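The next block holds one structure in the form of structure tokens; read it before the comments.
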């Protein structure tokens, strides 16, 4: 099965490199929902996230020749989606990176019990753009602070403080969300 | 105590990784539309590039070919002008009207004759005789000078062109003329007031 799957992937890549519309359609069908989920984690508005996904797919198909084939095609395409979302935020919004925290205070606080029943997207939506970008790149994409500072053109210290503040904010938001849920449950 | 797997970030990551969002509209048709636009855009850029190259060559051909043709026609016109008046006017008027011009430019062969004649006449004679002989020479020059304003510049130009006489003056002075001018300095100075051509004859 692995060999068959691998061959199919190779075939799809070679067909994509030949700009085969049928292969492009297959690749789109396979990944659009996943990529839209990724885009939605950066851009709160669904319509704008969809616009970014359209642009990202066009770039993927256009620059498929630059994909060496040594890595994961989906991973490579996902990076294009993320970059497209970041470019959208940079070009459409003014992002403020506040760097006023002493690094000695950057001590992680362990969460108490985290219930699975919470809306992660709602928490992310309430984060400021700067916090959300750094948090997503670090937690969801697995970027290092150096990669984040290169990508967002900020210093390492700013990247670290943004992540710390994002986590802090998320914890507060989570607690608020749980509180409202409990209240709603009590009212019923 | 919560483990690493249970913390908030991990739970957020898990939720985002596991979810899939169905597009609210047909994104594929929009992707195809954008691809077609890019293709047509690239096609149009090629068309524009080709058109601009053709235009550039066309303009270049027009700009570089026309002036050369005009140049040719101008040359022929000049040649016609040269040919037409040259044999008629130059042959007649050079002898009559343009004598002062040649005398002025030290190019007339007759001028040399005049100077040599004068020198021939001057050398054997005495001072008084010299003065008498200079006067006729002065008269002859005076006869030439009044004719100067009568000559039209066009005629001069035509004659100069047609006869192909070099316009530049000779830089050197004829030794016999120089001797004559030194010997008759006082007489020449007297004639300065009447714009006599003999001043030019001596040269500078």
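Observations
- Residues that are facing chain B (nearest Cβ under 10 Å) and either touching a helix residue (DSSP H, G or I) at 6+ places or on another chain (Cβ under 6 Å) or at positive phi (or both), drawn from segment A:61-83: A:61
- Among the numbered conditions (1) over 26 Å from residue A:47 (Cβ atoms); (2) at pLDDT 85 or above; (3) more than 8 Å from chain A (Cβ to nearest Cβ), the only one that residue B:26 does not meet is (1).
- Some residue of segment B:37-53 being within 30 Å of residue A:37 (Cα to Cα), within 14 Å of chain A (Cβ to nearest Cβ), in a helix (DSSP H, G or I) and in contact with a helix residue (DSSP H, G or I) (Cβ under 6 Å, 6 or more places away or on another chain): no
- Against the list (1) more than 16 Å from residue B:17 (Cα to Cα); (2) more than 8 Å from chain B (Cβ to nearest Cβ); (3) touching a helix residue (DSSP H, G or I) at 6+ places or on another chain (Cβ under 8 Å), the condition residue A:20 fails is (3).
- Residue pairs meeting the criteria (Cβ under 8 Å; at least 6 apart or on separate chains; first surrounded by 10 or more Cβ atoms within 10 Å (Cβ to Cβ), in segment A:1-25; second modelled with pLDDT under 85 and part of a loop (DSSP other than H, G, I, E, B)): A:13/A:69
- Evaluation of residue A:53 against the conditions (1) outside any helix (DSSP H, G or I); (2) under 16 Å from residue B:19 (Cβ atoms) shows that the sole unmet condition is (1).
- Residue match in segment A:130-143 (condition: outside any loop (DSSP other than H, G, I, E, B), at pLDDT below 90 and within 14 Å of chain B (Cβ to nearest Cβ)): no
- Test: residue in segment B:2-17 that is over 26 Å from residue A:39 (Cα atoms), facing chain A (nearest Cβ under 7 Å) and free of Cβ contacts under 8 Å to residues at least 12 places away in the same chain: yes
The values are calculated or read from the model by the stated rules, or taken from the named source; none is laboratory data. Keep in mind it's a predicted model, so treat the numbers as computed, not measured. With ideal geometry, Cβ positions are generated from the backbone for all residues, glycine too; neighbour counts draw on all protein chains shown.
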